[in-house]
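Coordinate-derived values only; no laboratory data. Source: prediction; values computed, not measured. Because the Cβ atoms are built from the backbone with ideal geometry, glycine has one as well, and the counts that use them run over all protein chains shown.
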Amino acid sequence: MQTIGNKRQKTQSADVTHHRFPGEIRNMLYKCAALPDNVKQVERLYKSVGPDGTITVSDSVHTFYLDTVNESGTSQLFSKEITKVAEIADEVLSYVTPWILFTFTSPDALRLFAEAFAAHSAVCTREIELHVEFDFGASMNETDRRTFSKWLEMEEPHGRQQGAHDVFEEWMNSVKDLPTASTHVHLVFPYFWRDFRSLRGLSEKTGLREYQITFRFPKEEPYHTYSVDDHDFFIAQTIAAVKGIEVVEQAGINEKTRADLVAFGCRGFNRTRGSPGHGDED
């Protein structure tokens, strides 16, 4: 019997026993043996775009067991002995991983997890559905995070003083080793990054937009001076930047509104077909 990695195998031979049970029973056993310990299910409300690639945003509720990956890239799931049995690894993972949301506190944790997942999935013959969620603000220090969150006038693009470009790029690069076809990337924006031009460029450069992406955004906060319509505007612009699509329905921004947005660090907004530089004010 083969095992995954160098750790000594403690689980009894799966090829002797597991096929004696019907599929439904096996799935129940896998779920009990592999799901994170003492963790309740949580609901997540995500926003996504339609299948036709338009910016029409829809909300969907997903239910998961949370598995918080530590700084060494170790998750509860992949610490379970049952996931190390090569003969049943693909059956276990293909059934269990859609139930689990892997969360991360740093890009390094995500990168190391991706490497570990590659080792496990290498012995699998099935496509393994994977759900990962990360908060772009988690790796900012408290001072930068607080400043980044504020709605202030500035001469430079929003986030430049806090190194937002490097922060976002590091997170996006950490996903690269995960398979694009079967990985669902759930992005958490604790605050809007108003430099949509940089966000669009990074998503294209790192290949993030090739994944199946959903979004979580901040609710209205007291320090925000924009209206509900403006809140929807930033949601649409953020999704459009990450997904590499256009927001044609928001093409009619008047000059005063445009000037106000630029004054608050917004860049690369209101991009429309046929005018590649439109909205890319400095």
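Here are some notes:
- One chain, two ends: E127 and N38. Fully extended at 0.36 nm per residue, the span grows by 29.3 nm beyond their Cα-Cα distance.
- Each residue in V85, V61 was given a count of other beta-carbon atoms within 10 angstrom of its own, and listing them fewest first yields V61, V85.
- Fraction in percent of alpha-carbon pairs per bin - 5 Å, the stretch 77-207: 2, 10, 19, 20, 15, 11, 9, 7, 4, 2, 1, 0
- Annotation for the stretch 143-215: GluC sites (Glu not before Pro) lying in DSSP loop with at most 10 further Cβ atoms inside 10 Å of their Cβ are E153, E155.
- Listed by Cβ neighbour count within 10 Å, with the fewest neighbours leading, L35, L45 appear as L45, L35.
- Sorted ascending by nearby beta carbons within 10 Å, beginning with the fewest, D195, D59, D166 become D59, D166, D195.
- Measuring between alpha carbons in the structure, the pairs from K80/K205; K40/K80; K219/K256; K150/K205 lying more than 29 angstrom apart are K80/K205.
- Spin-label model, R258/D59: points 7 Å from Cα along the beta carbon direction are separated by 3.3 nm.
- Of the GluC sites (Glu not before Pro) found in the stretch 62-124, those in coil by DSSP whose Cβ has at most 14 other Cβ atoms within 10 Å are E71.
- The share of alpha-carbon pairs in the stretch 110-149 lying farther apart than 14 Å comes to 62%.
- Loop-located chymotrypsin sites (Phe, Trp or Tyr not before Pro) in the stretch 125-231 (DSSP state other than H, G, I, E, B) with a sparse environment of at most 16 neighbouring Cβ atoms within 10 Å: W151, Y223, Y226.
- At R0 = 30 Å, FRET efficiency that the Cβ-Cβ distance of W151 and E204 yields, to 0.05: 0.65
- Alpha-carbon gyration tensor eigenvalues x 5, square-rooted, for the stretch 43-132, Å: 26, 17, 12
- Charged-residue dipole, Cβ positions (Lys, Arg, Asp, Glu), the stretch 139-244 about Cα centre, Debye nearest 20: 260 debye
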